[in-house]
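Okay, so here's the structure we're looking at.
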Amino acid sequence: DGVVGGNPDLDVETSDTYTVGFVFEPRLEGRWLENLQVSIDWYDIKIEDAIAPVGAADFVARCYDGQINPDFSLANTYCSYFARDAATGVIVDAKEINRNIAGYRTSGIDFQFDWRVAVGPGEAGLNWLVGYVDSFEELRAQGIDTEDNVGTLGNVIGGSLPEWKWNLQANYSWAGFNIMAQWRYVDSMTDVEFTDYRVASQDYLDLVFGYEFGPGLLEGMTFRAGVENLTDADP
């Protein structure tokens with residue numbers, strides 16, 4: 001038995017965030033380059049006393065870890081998170097609640113490309129958003145090695161940290177009509193616990209049609225219809 005949930009004794013998280021970025025607009029004459037913009041942003045974020053749930057599988061293992069608890073003392077912090085039935089030795093009173101862990105540190109680069117050009121009676125556009133995660137280090141407790149979880153999934157239910165991912169959109173607008181095709185990419189990843197289990201990279205294709213009403217009763221209203229994941233790719 002045990003308790004799962006929040007914790008009224010949590011301390012506040014603190015963080016240091018560093019970012020550097022630039023935006024490039026050529027300002028060149030000519031229809032092919034006058035509407036071009038590129039931006040690149042680098043970030044480095046460090047969070048101390050980060051709030052995260054600590055599960056029984058973690059704190060029981062750390063209680064008996066010679067690195068973290070070299071004297072195998074019951075006074076160790078992790079040993080205080082649970083007790084054992086005196087008769088059976090079964091773990092009881094496990095407290096799987098949010099706690100202030102040592103912290104996180106992540107760094108990476110975000111890239112964006114925007115371009116528009118007149119084509120025929122309308123205008124074509126291209127938008128590309130790319131995210132690259134260089135590191136995502138997790139220090140769960142003092143005395144244990146830092147883990148870099150980039151390229152893994154399964155840290156939390158539904159959690160994933162692909163090294164690369166992007167959205168690429170191409171669209172064409174004319175007389176209120178718009179058609180947009182999108183390619184979403186997610187890099188391959190390895191299970192954080194079962195490192196032999198690898199999830200392949202995945203591609204998703206979307207197609208959306210839209211119409212923006214002009215002057216009249218429906219002015220300002222936009223109608224959209226489309227299909228996400230055209231190829232029915234598994235998540």
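The values are calculated or read from the model by the stated rules, or taken from the named source; none is laboratory data. Computed from a prediction, not measured in an experiment: that's the story for all the values here. Cβ sites come from the backbone with ideal geometry, for glycine too, and all protein chains shown count toward neighbours. Just the protein is used for accessible areas: all its heavy atoms, side chains included, with ligands, DNA and RNA removed. Shrake-Rupley method; radii C 1.70, N 1.55, O 1.52, S 1.80 Å.
Using Cβ point charges alone (K and R +1, D and E -1), the dipole size of region 1-129 about the Cα centre works out to roughly 240 debye. Centroid-to-centroid, using Cα positions, region 1-68 and region 72-111 are 21 Å apart. Per residue, the convex hull spanned by the Cα atoms of region 80-176 amounts to 162 cubic angstrom. Modelled this way, with points 7 Å down the Cα-to-C-beta line, the labels at Trp164 and Ser135 are 2.2 nm from one another. For the pair Ser188 and Ala87, a Förster radius of 45 Å applied to the C-beta separation gives a FRET efficiency near 0.40, rounded to the nearest 0.05.
Compared with the rule-of-thumb size 2.2 N^0.38 Å for a compact globular protein, the chain has a Cα radius of gyration ratio of 1.45. Note on Ala181/Val4: beta-carbon distance plugged into 1/(1 + (r/R0)^6) with R0 of 45 Å gives a FRET efficiency of 0.55.
Which FRET efficiency, nearest 0.05, do Thr77 and Val12 yield, Cβ-Cβ r, R0 22 Å?
After rounding, the FRET efficiency stands at 0.70.
For the chain, the solvent-accessible area works out to 65 Å² per residue, with a probe of 1.4 Å and every protein chain left in place.
Rg over Rh for region 70-120 works out to 1.54, both radii taken from alpha-carbon positions and Rh defined as the Kirkwood radius.
Taking label points 7 Å from Cα along the Cα-to-Cβ direction, Trp32 and Arg198 give a separation of 4.0 nm. Estimated purely from DSSP H runs of n ≥ 4, each contributing -39500 (n - 2.57), the mean residue ellipticity at 222 nm for the chain is -1000 deg cm²/dmol once divided by its residues. When a 1.4 Å probe is rolled over the protein heavy atoms, the share of accessible surface on the chain that falls to carbon and sulfur comes to 56 percent. The slack between Asn229 and Val117, meaning 0.36 nm per residue of separation minus the straight C-alpha distance, is 37.6 nm.
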